[in-house]
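Following: one structure in structure tokens, then a few remarks.
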Amino acid sequence: MPDRVLRAMTRPVIDHRGPEFAEMTLSLFDELRWVFGDPAHVFVFPSSASGCWEAALTNTLSPGDRVLAYDNGFFAARWATIATRMGLETEILAGDWRRPADPAAIEARLAEDRAHAIRAVLVVHNETSTGVTSDIPAIRAALDRAEHPALLMVDAVSSLGATALDHADWGIDVTVSGSQKGLMLPPGLGFCAASEKALAAAETATSRRAYWDWEETRRSNERGFFPYTPATSLLYGLAEALRMLREEGLEVAFARHARLAEATRRAVEGWGLENYCADPAAYSSSGTTISVPEGVDADALRAEILERYDMSLGTGLGPLEGDVFRIGHLGDFNELMLMGTLAGVAMGLRSAGVPHEPGGVQAALTFLAER
Ligand code: PLP
């Protein structure tokens, strides 16, 4: 989190029903539409991103509706679980966790569904648990080839602001995200960017909703307000974070993330460790998931690095627990921060006695210095 964002959040909280608030919010909505890629509306909830998984489903679908959830990671599986708990008929399309969502498998399943019982397809753009990025335009093309009218819902929690994403151009109906990753904010805001088609679906969908109701929210948003007390300090931070992304330029921010991700992968390769993502075309710009050698406990390595260097690496989630650790390289992050991170990992690998080669840090800094 950049200091600029943290400082913006310390401004005094103003009346959230007053004109100054409305002025701030209306321009914030314009900036949000810009960062998501021109959706019809961006809903902002004081919630974690998981709340917006729920908001996306409850606003557009009715009890018993069928959804096709592509499972290629911990968060994809969790979104599917939430859909089931909400009373939707959740069909899981099991993928390979080391690879991106397979457009051909989605197309084949949708082509079989001649009655169009499937009302929505759920896909995670960047699977934070595995460091795998899926090709959303290819999935859109799969829906189009199958001539299937299902809504395309995309989890962009760890891709927004770090990797190219274009809601309208990519034909996404609902893009779900959160504040705490590429947007460089503390946790606490969830987003649902909706297409006109998703907004139209919300008019007839009968799932029960109260707090998450888009209709009531939109009516209030149009005047620059929210139907509830908003998280004003986080909105201040959000406005500042979006200003920073404007100043840097989105394309430049994406290139910076891609470059730091590549340097991380050079280090992993130099250490002789394995990138969990098995498809180079799907390597994540936001985070890298690293498999540890057989017999090594990744969490013991993480504990060693936390204890000795006060650096917290991502844990293996769900079935990956103990087998992988994760290096996050997204948000307000630069070369020297990355090199510090990689040095901490290198020292930890050594002090924890994890078998590895010594050249990782050098490989990363050679890459960064030369490119
Ligand atoms: N989806 C992805 C890809 C995530 O990485 C996360 C959290 O890390 C979530 C969803 C859930 O977000 P939250 O923890 O903000 O509810």
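The values are calculated or read from the model by the stated rules, or taken from the named source; none is laboratory data. Source: prediction; values computed, not measured. No Cβ is skipped: glycine too gets one built from the backbone with ideal geometry, and neighbour counts run over all protein chains shown. We work out accessible area using only protein heavy atoms, side chains counted, and drop any ligands, DNA or RNA first. Shrake-Rupley method; radii C 1.70, N 1.55, O 1.52, S 1.80 Å.
Taking amide hydrogens as placed 1.01 Å from N in the peptide plane, the amide H of V132 sits under 5 Å from those of E127, each at least 5 positions away in sequence or on another chain.
The residues of the chain expose on average 41 square angstrom of accessible surface per residue, using a 1.4 Å probe on protein heavy atoms. In this structure the amide hydrogen of L93, modeled in the peptide plane, comes within under 5 Å of the amide hydrogens of A69, Y70, D71, none closer than 5 places in sequence on its chain. Taking every DSSP helix (H) stretch of at least 4 residues in the chain, weighting each as -39,500 (n - 2.57) and dividing the sum by the residue count yields a mean residue ellipticity at 222 nm of -14000 deg cm²/dmol.
A simple rule links phi to the HN-Hα coupling: the Karplus curve 6.51 cos²θ - 1.76 cosθ + 1.60 with θ = phi - 60°, which for the stretch 303-319 gives 5, 4, 5, 5, 5, 7, 10, 6, 10, 9, 8, x, 8, x, 9, x, x Hz, with x for Gly and Pro. How large is the accessible surface of M1 in square angstrom, using a 1.4 angstrom probe and rounding to the nearest 10? Approximately 120 Å² for this residue. Relative to the dominant Cα principal axis of the chain, helix 49-60 is inclined by about 30°.
Of the accessible area of the chain, computed with a 1.4 Å probe over protein heavy atoms only, carbon and sulfur atoms account for 50 percent. Taking amide hydrogens as placed 1.01 Å from N in the peptide plane, the amide H of E274 sits under 5 Å from those of S291, each at least 5 positions away in sequence or on another chain. Here the ratio of the Cα radius of gyration of the chain to 2.2 N^0.38 Å is 1.01.
For the stretch 306-331, the residues whose backbone nitrogen is under 13 Å from a point 7 Å from the Cα of D297, taken along Cα to Cβ, are 322-323.
Taking label points 7 Å from Cα along the Cα-to-Cβ direction, D144 and S48 give a separation of 3.6 nm.
In order along the stretch 364-370, phi translates into HN-Hα couplings of 5, 6, 5, 4, 5, 6, 8 Hz, rounded to whole numbers, per the Karplus curve 6.51 cos²θ - 1.76 cosθ + 1.60 with θ = phi - 60° and x for Gly and Pro. Couplings for the stretch 256-263, taken from phi via the Karplus curve 6.51 cos²θ - 1.76 cosθ + 1.60 with θ = phi - 60°, read 4, 4, 4, 5, 5, 5, 5, 4 Hz in order; Gly and Pro are left as x.
Can you work out the FRET efficiency for the pair R17 and R243, with r the C-beta to C-beta distance and R0 = 30 Å, to the nearest 0.05? Efficiency, rounded to the nearest 0.05: 0.75.
Using a simple spin-label model with pseudo-atoms 7 Å out from Cα toward Cβ, E216 and M347 lie 5.2 nm apart.
Counting pairs of alpha carbon atoms under 8 Å apart in space and at least six apart in sequence, what relative contact order in percent does the chain give? Don't skip to the end; give the middle numbers.
Numbers: 746 pairs, mean separation 75.0, N = 371.
Computed over the chain, the figure is 20 percent.
Of all the options E262, E307, E251, the one that moves most in a Gaussian network model of the chain with Cα springs shorter than 10 angstrom is E307. Stretched out straight at 0.36 nm per residue, the stretch from H116 to A278 would grow longer than its current Cα-Cα span by 55.0 nm.
Antiparallel versus total DSSP beta bridges in the chain: what percent is that, nearest 5? Can you show the working numbers first?
Numbers: 22 of 40 bridges.
So the antiparallel bridges in the chain amount to around 55 percent.
Please give the helix 335-351 orientation as an angle from the longest Cα principal axis of the chain, in degrees from 0 to 90, rounded to the nearest 10. The answer is roughly 60 degrees.
What net charge is computed for the residues neighbouring A101, neighbours being all others with C-beta under 13 Å from the C-beta of A101, Lys and Arg scored +1, Asp and Glu -1? Here the count lands on -4.
Applying both filters, DSSP loop and at most 12 other Cβ atoms within 10 Å, to the GluC sites (Glu not before Pro) of the stretch 133-234 gives E147.
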